[in-house]
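Below is one structure, written out as structure tokens; the observations come after it.
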Amino acid sequence: MRAASLAALLALSLPLPGSAAPAAEPFRVGDAVLEPVDTATLPGFPGPDASEALAAFRRTCSAAPAAPQPSSVAGSAEGLRAACARAAATADEAAVRFFTEAFDAYRIVRPASGAAPERRTGFLTGYFEPELVGSATPGPDFTAAVLARPDDLVGLEPGETRPGLDPALRAARRVGDAFEPYPDRAAIEDGALGARARPLLYLRDAVDLFVLQVQGSGRVRLSDGRSVRVLYDGRNGRPYTSIGKLIVAEGHLPLDGLTLARWTGWLRAHPDQARRLMRANASYIFFRLAEIDDPALGPPGGAGVPLSPSRNMAIDATLWRYGLPFWLEGRIAGDPAPGRLVVAADTGSAIVGPARGDLYLGTGAEAGVRAGNLRDAVGFIVLLPKSEGPRTP
């Protein structure tokens, strides 16, 4: 029931004056049902370092998203603003009380359907900000151009399309008053952009560029000693294909232990196959440059604020509002803690569904190893501001 907001669904459970209360309808987001849960029954909630989650919430909740979200997303904007104002007035040492008093918790459950059993866990992966070496000018050691957004690229919001275009495309090329599909990766690499291909800087090789595009942003240490941040600034709207899945499907490497270092090493050792496999991912990302204001924080996410390592998560932004806290049930990336409190602040083309998340883990090679190893089945519990409405009995 994505056409109605969760606040509207909650309102459906309110009885009319003078009437008997109707049977409560389940809260739904996407294909999931939201079941109320008492946070006192959640082992470890909200974690021993709730002040870190509070800092991430303060930073995220008041931001203006980089792109507008659909009006149907779950999470009342008004309720979130009220919680945000309360967070601004809350001392760090009162973080536990803030999260237990300002929100109601709901376990995200995908009910049984046909032969598929009920599922109370979702899927969590990790991502990071790569730290690469580059140059402001091309040369024998720096051959892969990082391209700026072309001026004829028109991005399309979810549900938006243009006459004559495949509705699955998320961008188009403006040609006069008309639109056409934007060139895919192979065509762009073969020169389809012409003079509109404007290099911002150069990386060592096509594999480094591919890693940057998969992660969506990165830091680049230039040969003149400067460091700059390279930020996402649009994509060609073509569908994303996971190169890791292709490598495994063709039998080149096993899924077990498929880390970033391993698959990038294999690509560099097999350049002909690497070119073919990378071109199978038709999606192509364009970038812009920015200064690094706070080295401890990551790049801005979809919520428009710098990401906090291990505290901000990418979610399906067509379903959930940025700024909502989530309690992730389970041991994450080997952490012995029984759960972790994070805040929705980003999105990604591969992050689809109500119980799917991608945890931002930081910058550099170590964060990349942890991100590559994070593929965990965890429980997803969303915290909705109490002002959104009553809980079901």
If the requirement is being outside any strand (DSSP E or B) and either of a type outside the set (Asp, Glu) or under 30 Å from LEU201 (Cβ atoms) (or both), which of these qualifies: THR125, THR100? THR100
Residue check, ARG86 modelled with pLDDT of 95 or more and in a helix (DSSP H, G or I): yes
Across the range 44-76, the tally of residues that are modelled with pLDDT under 90 and among the aliphatic types (A, V, I, L, M) stands at 4
All but one of (1) touching a residue at least 24 places away in the same chain (Cβ under 8 Å); (2) assigned to a loop (DSSP other than H, G, I, E, B); (3) farther than 19 Å from ARG185 by Cβ hold for ASN281, so report the exception by its number. (3)
Given the criterion free of Cβ contacts under 8 Å to residues at least 12 places away in the same chain, farther than 26 Å from ARG235 by Cα and outside the structural domain of ARG262 (by TED's automatic domain parsing), identify the matching residue among GLU329, GLU366. GLU366
Take the residues in the range 246-268 that are assigned to a loop (DSSP other than H, G, I, E, B) and in contact (Cβ under 8 Å) with a residue 60 or more places away in the chain; name whichever of them is nearest to PRO130 (Cα to Cα). THR259
Taking the range 88-107 and the residues there that are under 12 Å from PRO385 (Cα atoms) and not β-branched (Val, Ile, Thr), the one that is surrounded by the fewest Cβ atoms within 10 Å (Cβ to Cβ) would be GLU101
Go through (1) within 19 Å of GLY348 (Cβ to Cβ); (2) at pLDDT 95 or above and name the single condition ARG235 misses. (2)
Might you let me know whether the range 90-112 holds any residue that is in contact with a Cys (Cβ under 8 Å, 6 or more places away or on another chain) and at pLDDT 95 or above? no
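Could you please let me know if ARG107 is assigned by TED's automatic domain parsing to the domain that holds ALA350 and assigned to a helix (DSSP H, G or I)?
no
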Check on LEU16, over 25 Å from the mean Cα position of the chain (by Cα), modelled with pLDDT under 90 and either buried (at least 17 other Cβ atoms within 10 Å of the Cβ) or under 22 Å from THR100 (Cα atoms) (or both): no
For residues in the range 108-136 being under 20 Å from SER310 (Cβ atoms) and hydrophobic (A, V, I, L, M, F, W, C), which is surrounded by the most Cβ atoms within 10 Å (Cβ to Cβ)? PHE128
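The values are calculated or read from the model by the stated rules, or taken from the named source; none is laboratory data. Remember, predicted model here, so these are calculated numbers, not experimental data. Cβ coordinates were reconstructed from backbone atoms using ideal geometry, including for glycine residues, and neighbour counts include every protein chain displayed.
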